[in-house]
Amino acid sequence: MRKFCWMLLVMLVLVGCGDEVTEDEAIAKDEVAADVDKEIVWEKDGKEIVLIPAGSFEMGDHFGEGDELPVHTVQLQLDAFYMDVHEVTVGQFREFVNQSGYKYDGSWNDVARYSPGDEYPMVNVNWNDATAYAKWAGKRLPTEAEWEYVARGGLVGKRYPWGDKVSHDNANYDVKVGKTTVVGSYPANGYGLYDMGGNVWEWCQDWYNEDCYNNSPTKNPSGPGTGSKRVLRGGYWNSSTNLLRVANRCNSSPDNRYNSFGFRCVSGSP
């Protein structure tokens, strides 16, 4: 982990703040970048995390199938960041509670009803639970823009994380299974992330505002400064196909726990 943090620091130094990069500096930067592992195991919670490249994308609904408008360009200008390959599991969340002494006020019986094993995604977590886990692990929740960027997996203007069509071979949705499935049961997207559509809704860092796309910053948007609800993304095991759309936005009070609410984390500053 120290190696990982050190390498990111070196990359930041080499990039600088718009200064001209010499040939030697460019070579050094390339050597550091090549040395950064694309997938590592995060020491604190033992989760596999994958490197997400910096870049820009068109955020929002390209098909007139929702109200995620206007479509707007977002630039994520971090050198790179890591995101959990899978949703946080029951076993990982239980380990967090045991190690930290966190007071989880949800029902473990309700968790077991819909996620009946340690390798299933943790459910019945509110935004505060998810944030507490992320802080304990030395990570954070993704911003809404980061989540959509990663969910798209490098695809441009598609409905879902895997393309424009969906079947039960792609994701757990529409009550076919009737509960969650073990994380990673369906194919990964282009960035190597599993279950970015279906299985459980995933909490994001942002406050929700239905009109925020009208005045969202272009660079590294982190959502409104205040609000009463937080954003969730991705759909869940009983979702219609419309809710699986990569642009679709859901919201709920940060105090709410449901059998469809889960999360995953990212590392690095927003």
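The values are calculated or read from the model by the stated rules, or taken from the named source; none is laboratory data. This structure is a prediction, so every number in the text was calculated from the model and none was measured. Because the Cβ atoms are built from the backbone with ideal geometry, glycine has one as well, and the counts that use them run over all protein chains shown.
Being aliphatic (A, V, I, L, M) and surrounded by fewer than 22 Cβ atoms within 10 Å (Cβ to Cβ) is the filter here; which residues of region 119-150 pass it?
Ala132, Ala137
Pick from region 145-173 the residues that are closer than 19 Å to Cys265 by Cα and of a type in the set (A, V, I, L, M, F, W, C): which of them is nearest to the chain's Cα centre (by Cα)?
Trp147
Is at least one residue of region 254-262 within 24 Å of Asp110 (Cα to Cα), out of contact with any strand residue (DSSP E or B) (no Cβ under 7 Å at 6 or more places or on another chain) and of a type in the set (Asp, Glu)?
Yes, there is a match, as at least one residue in region 254-262 is within 24 Å of Asp110 (Cα to Cα), out of contact with any strand residue (DSSP E or B) (no Cβ under 7 Å at 6 or more places or on another chain) and of a type in the set (Asp, Glu).
Can you tell me how many residues within region 174-183 are surrounded by fewer than 17 Cβ atoms within 10 Å (Cβ to Cβ) and either under 17 Å from the mean Cα position of the chain (by Cα) or over 19 Å from Phe93 (Cα atoms) (or both)?
Total satisfying the criteria: 4.
Answer yes or no: is there a residue in region 110-117 that is hydroxyl-bearing (Ser, Thr, Tyr), out of contact with any Gly (no Cβ under 8 Å at 6 or more places or on another chain) and over 15 Å from Gly262 (Cβ atoms).
no
When residues of region 57-80 are filtered for being outside any loop (DSSP other than H, G, I, E, B), among the aromatic types (Phe, Trp, Tyr) and farther than 17 Å from Gly154 by Cβ, how many remain?
Taking region 57-80 first, the residues outside any loop (DSSP other than H, G, I, E, B) are 57-59, 72-80.
Filter again for among the aromatic types (Phe, Trp, Tyr), leaving 57.
Those still in the list that are farther than 17 Å from Gly154 by Cβ too: none.
Counting residues in region 57-80 that are outside any loop (DSSP other than H, G, I, E, B), among the aromatic types (Phe, Trp, Tyr) and farther than 17 Å from Gly154 by Cβ gives 0.
Contact list please: Cβ distance under 8 Å, first residue in region 73-89 and of a type in the set (Asp, Glu) and modelled with pLDDT under 95, second residue surrounded by fewer than 18 Cβ atoms within 10 Å (Cβ to Cβ) and part of a strand (DSSP E or B), pairs at least six apart or on different chains.
Final answer for the pair search is Asp79/Ala54.
Filter region 186-213 for residues that are charged (D, E, K, R), under 19 Å from Asp67 (Cα atoms) and crowded, with 21+ Cβ neighbours inside 10 Å and give the result.
Scanning region 186-213 gives a single hit, Asp206.
Within region 130-156, can you find the residues that are closer than 15 Å to Glu58 by Cα and part of a helix (DSSP H, G or I)?
Hits for region 130-156 are Glu144, Ala145, Glu146, Trp147, Glu148, Tyr149, Val150, Ala151, Arg152.
Among residues belonging to region 223-270 that are closer than 24 Å to Asp174 by Cα and of a type in the set (A, V, I, L, M), point out the one that is farthest from the chain's Cα centre (by Cα).
Applying the filter and picking the extreme gives Leu243.
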